[in-house]
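These notes concern the structure reproduced below.
The values are calculated or read from the model by the stated rules, or taken from the named source; none is laboratory data. What you see is a predicted model; the values in this text were computed from it and never measured. Quick reminder, even Gly has a Cβ in these numbers, built from the backbone with ideal geometry, and neighbours come from all protein chains shown. Surface accessibility is based on the protein's heavy atoms, side chains included, excluding ligands, DNA and RNA. Shrake-Rupley method; radii C 1.70, N 1.55, O 1.52, S 1.80 Å.
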Amino acid sequence: MSTNHSPIATRSPNRSRTSTSGIPKPSSRKSFSNSPLRDHNVAIVSSSKKEPTTFCWGKNRDGELSMGCVKDFKVPKATKGIRGAVVQNISSGREHSAVVTNDGKIYVCGSYLHGKLGIEDLRAVNVLQFHPIPTLETKIIRQVACGDYHTLALLEDGHVYAWGGSLFKKLGKRGDSGLGPSLVLALSKK
């Protein structure tokens, strides 16, 4: 378990503003995910469409913070790539992050190593800001979980999709290829 405990935001009793880059007060925080031993954090701190809903900070070597660059950030900063949507679920893995919006859309960013972003036919090594997964655009996603080299998504209908690296059979399916999202048959409804 990680001992990396980063604050979400703090409010000074003598000031009307937040003390960390304009982040709303902690009571509005909905979700938090850190990447154990991976040096980056992601957080949902507001459910309002009028302000950014996700903040990230830490190591950003592969674009895992969705800032549009590969610069590291020492304090939380609003992410890029999702406009007009409310993020309801967030997860971070090794050099990648994923979010699910309230309308059931999934977005990913970071390193494409082992196909963990699930974007087939990607010609880049990494994605620098949140980007939708084309093969899942017609699905309604409710939850996402990022591992070191793989990602899982729980759909509204109860099905689970997996993609990325298949070392130790983490994808829950037979075969070695996991570059695109595929249904985990063993978890499908009968």
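In this structure, residue 65 does not qualify as within 22 Å of residue 136 (Cα to Cα), of a type in the set (A, V, I, L, M), modelled with pLDDT of 85 or more and open to solvent by 10 Å² or more (accessible area, probe 1.4 Å). Of the numbered criteria (1) within 22 Å of residue 44 (Cα to Cα); (2) open to solvent by 10 Å² or more (accessible area, probe 1.4 Å), the one residue 153 fails is (2). Scanning the range 75-106 for residues that are of a type in the set (Val, Ile, Thr) and surrounded by fewer than 18 Cβ atoms within 10 Å (Cβ to Cβ) yields 75, 86. In the set (1) in contact (Cβ under 8 Å) with a residue 60 or more places away in the chain; (2) polar (S, T, N, Q); (3) open to solvent by 70 Å² or more (accessible area, probe 1.4 Å); (4) outside any strand (DSSP E or B), the condition left unmet by residue 138 is number (1). Count of the range 107-120 residues, restricted to those that are under 18 Å from residue 138 (Cβ atoms), open to solvent by less than 10 Å² (accessible area, probe 1.4 Å) and not aliphatic (A, V, I, L, M), is 1. Here residue 72 meets the list (1) surrounded by fewer than 19 Cβ atoms within 10 Å (Cβ to Cβ); (2) over 24 Å from residue 162 (Cα atoms); (3) touching a residue at least 40 places away in the same chain (Cβ under 8 Å) almost entirely, failing just condition (3).
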